[in-house]
1. Shape of the range 375-534 from its Cα gyration tensor (a ≥ b ≥ c, root eigenvalues): rounded if a/c is under 1.5, otherwise prolate when a/b > b/c, or oblate?
2. For Glu151 and Lys523, calculate 0.36 nm times their separation in residues minus their Cα-Cα distance, and state this gained length in nm to one decimal.
3. Among Gly135, His403, Asn520, which residue has its Cα positioned farthest towards the positive end of the charge dipole of the chain, with +1 placed on the Cβ of Lys and Arg, -1 on the Cβ of Asp and Glu, and the dipole taken about the Cα centre?
4. Within 10 Å, count the other beta carbons around each residue, average over each peptide in 105-117, 121-133, and list them highest first.
5. Suppose each label sits 7 Å from its Cα in the direction of the beta carbon; what would the Lys466-Lys287 distance come out to in nanometres?
6. Please compute the net charge surrounding Thr255, taking Lys and Arg as +1 and Asp and Glu as -1 over other residues with Cβ under 15 Å from its Cβ.
7. Could you compute the longest span of the chain free of GluC sites (Glu not before Pro) located in DSSP loops and having at most 14 other Cβ atoms within 10 Å, not counting the site residues?
8. Can you tell me the 0 to 90 degree angle between the C-alpha axis of helix 10-23 and the longest principal axis of the chain, rounded to 10?
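Nothing in this text is a laboratory measurement; each read-out follows from the coordinates by a stated rule. Bear in mind the structure is a predicted one, so any value in this text is a computation, not a measurement. In this analysis, Cβ positions are derived from the backbone assuming ideal geometry, glycine residues included, and neighbour counts consider all displayed protein chains.
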Amino acid sequence: MKLLNSHITKKAVYVLTGLTLYACKSYEKAETNKSIQMNTSEEALYRPNFHFTPSIGWMNDPNGMFYLNGKYHLYFQYYPKDNVWGPMHWGHATSEDLIVWKEQPIALFPDDLGYIFSGSVVVDHDNTAGFAKDGKTAVIAIFTYHNIKGEKVGKIDFQSQGMAYSLDEGQSWTKYEGNPVLPNPGIKDFRDPKVVWDAQHNQWLMALATYEKTIFYTSKNLKNWELLSSFGEYLGAHGGVWECPDFLPMQVEGTDETKWVLIQSINPGHVNGGSGTQYFIGDFDGKTFVLDTLFSKQLSEQKAIWLDYGKDNYAGVTWSNIPKEDGRKLFIGWLSNWEYAQVVPTTTWRSAMTMARNLKLLRKEEGFFLISQPVKELDTYKTIVKEKNSIEFTDTYTLIEQHELDIHKAVISLRLSNLKEDTYNFTLSNSSGDVLQFGINNKDHYYYIDRRKSGDIAFSEKFAEKISTANFRNFKNDVSLQIIIDKTSVEIFYDHGKTVMTELFFPTAPMQNLKLNTLNHSKTSIDTLVISELKL
């Protein structure tokens, strides 16, 4: 079933609902079954065109992404019986190009050891775990078991790490009879294992989140794990629980230098409120992760360094098994925030994923930057509607007018130059008076998103209580932007992805226009402007 548009029939949803409930009968038979009805108006207004959403039910963290034989696999935290968080399963979707996704049957169900929380998947090419047979390569998932009964009676060790394997490229799974492969050592928050192959030190490496730090483990066979070290107890943001780590080597762009990058989500504690994802750059000797001195200096000047300064990119991790000839570090995040995720104004489904992104590591005089850019596969769907150079205006310029293109499937790329000490404000609006504003304050040196008048905000006082900002150091003479709009989300990539802001909004009617204006009526230059509609 193709699920990347709003044209999902009521019949299809009912069929899928029936299949899902049948598959779940063996688990928690006494659980009340809540009916999720299709709301056609919210489908048309809110279901994204090209960001992945489940057909029904609740979704949060992306899990276990891997690539194999032409397919990208995306698993995710999933509860099919309601549109709020519940007993966690692993949902599953696949894509051939990271843009168009097809939802697959549920991959992993809860069992007597607990709910299936977040984790990762690796392709065991060398059969280190011994599961391969009949010439089939084993794909191995390592995830957190969450024992809800243990949690309710006040136990500390209610989370442990389990394993499952697949011999049909991730379509069906067998849970390891020796679970848990990593029992809890007496830590309350002990979860979200991200496993990678560390070729330099010839070991499987696991990064595991605890309340205030990341713990590293090593293994030769994915079954027996040995503690290596920990990192981060007094570094970065600590306003909430550390979750969903990712740990990977990355080559610094334009050099032969390799650094290790720790991507570490936290909830709450984000600079703009709620859940968010910070990162650290350093060196790893096979046992211990140590910050690079330049990054340590950056961190001393800031409380934390964020992968995305918007409020709606959380728990993101990278794909495993990307071919060497590709070489990219491909990433996707959960397009929501725990402050309001369970009350946003959709009922059939809740939550989407961000666009898939390519991560790159830059080293500049002022520090390291983990930049994010939309994957190149997006370009194959673009049809250029407007392309102009050397535009000059004073006060206001209309980028997109009503009916000029489908603004809900738009990619806008532009470069502003000769900037003044002024505010450069983009306004996305409709005939109902809803406005989403974002842009550049070049006087006080920050980027921003303001959704206080963007439509329905009454569902949560946290959703639009303040403007989201991302500080930059000095006056800017020029700024490049890439803006991706998809019904209820905007993803803004400033300066080729050096700063990114991702946020949701829920207009009461479809958005129609996009304008750029300056607060102090400065004369403004747009060096290049390309507006594309995505043909999906």
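1. rounded
2. 127.9 nm
3. His403
4. 105-117, 121-133
5. Spacing of the two 7 Å Cα→Cβ label points: 4.3 nm.
6. It works out to a net charge of -2.
7. 97-176
8. 30 degrees
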